[in-house]
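The block underneath contains the structure these notes are about, expressed in structure tokens.
Readers should treat all values here as calculations from the given coordinates under stated rules, not as data from a laboratory. Since we're looking at a predicted model, the values are computed, not measured. We place every Cβ from the backbone using ideal geometry, glycine too, and count neighbours over all the protein chains shown.
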Amino acid sequence: MAVLSSLTLFRQLQTSQAKSVDSNTQEVTGGTHLNNPVDVQHVTLSHINKGDSSGNLSLNTFTGKTLLTFFGYTHCPDICPITLMDLAELHQSLGEPKDLQIIMITVDAKRDTPEIMQTYVENFHPSFLGLSGSSAQIVEAAKSFFVGFAEQENKLMLHTDSVFLIDTEGKMRSLYAQDKLEHLAADLQNILNPTN
């Protein structure tokens, strides 16, 4: 399935490819580092807690944690489950740090309810969060992350497939295209354990 390139959507942002890891500035080696971090903590979507009713959840809830955010949908035949498997493996390889939260946001408001999203992501790791919302909420979230998506006639969705790294202050600091995800573990080690 073809997907939209995040790099195309980020042309208007000033970006640079970091060349090395610097533990003082916590630069990334494999992702695209944003020289002008984008504040995304205002993004609010619907979430369901285990056994509870659904409610709104804002990304500012996670102030103090590093977030990895991915846009996808539960009927995706390829890139979404593969990415979530990769992120689950990454999370486990890092020792399942409590100060890292992995979030998937749907691009399919029609089919992906908060309940469906949470059940889906928990199949990959019990700590993952799945967020949904109204079409308007999802469009607004996608705009905040410069994510493109569109429904095709066959009900498949074209969507940006990058993973976004959000710092502890709710700012998007870097993004990882699919071919750069292998560098994410080293970058997170540096970010989560800057003195090591």
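Observations on the structure shown:
- Taking every alpha-carbon pair under 8 Å whose residues sit at least 6 apart, region 29-192 reaches a relative contact order of 35 percent.
- Taking amide H positions as modeled 1.01 Å from N, with prolines and chain starts lacking one, the residues under 5 Å from residue 105 and 5 or more places away or on another chain are 70, 71, 72, 131.
- Total formal charge among the other residues, if their Cβ is under 10 angstrom from that of residue 125, Lys/Arg +1 and Asp/Glu -1: -3
- Whole-Hz ³J(HN,Hα) from phi, Karplus 6.51 cos²θ - 1.76 cosθ + 1.60, for region 125-131, glycine and proline x: 6, x, 8, 5, 10, x, 10
- Global form of region 29-192, assessed from the alpha-carbon gyration tensor, a/c cut-off 1.5: rounded
- 3J(HN,Hα) couplings calculated from phi for region 154-167 with the Karplus curve 6.51 cos²θ - 1.76 cosθ + 1.60 (θ = phi - 60°) are, in sequence order, 7, 6, 7, 10, 7, 7, 4, 10, 6, 9, 9, 9, 10, 7 Hz; Gly and Pro show x.
- Amide H contacts under 5 Å for residue 38: 172, restricted to partners 5 or more places along the chain or on a different chain, H placed in the peptide plane at 1.01 Å from N.
- Rounded to whole numbers, the Karplus 3J(HN,Hα) couplings from phi for region 57-69 are 9, 9, 5, 5, 4, 9, 3, x, 10, 8, 10, 10, 10 Hz, using 6.51 cos²θ - 1.76 cosθ + 1.60 with θ = phi - 60°, and x at Gly and Pro.
- DSSP-loop GluC sites (Glu not before Pro) across region 96-155, with at most 10 other Cβ within 10 angstrom: 153
- Trypsin sites (Lys or Arg not before Pro) lying in DSSP loop within region 98-196, provided at most 16 other Cβ fall within 10 Å: 98, 110, 111, 155
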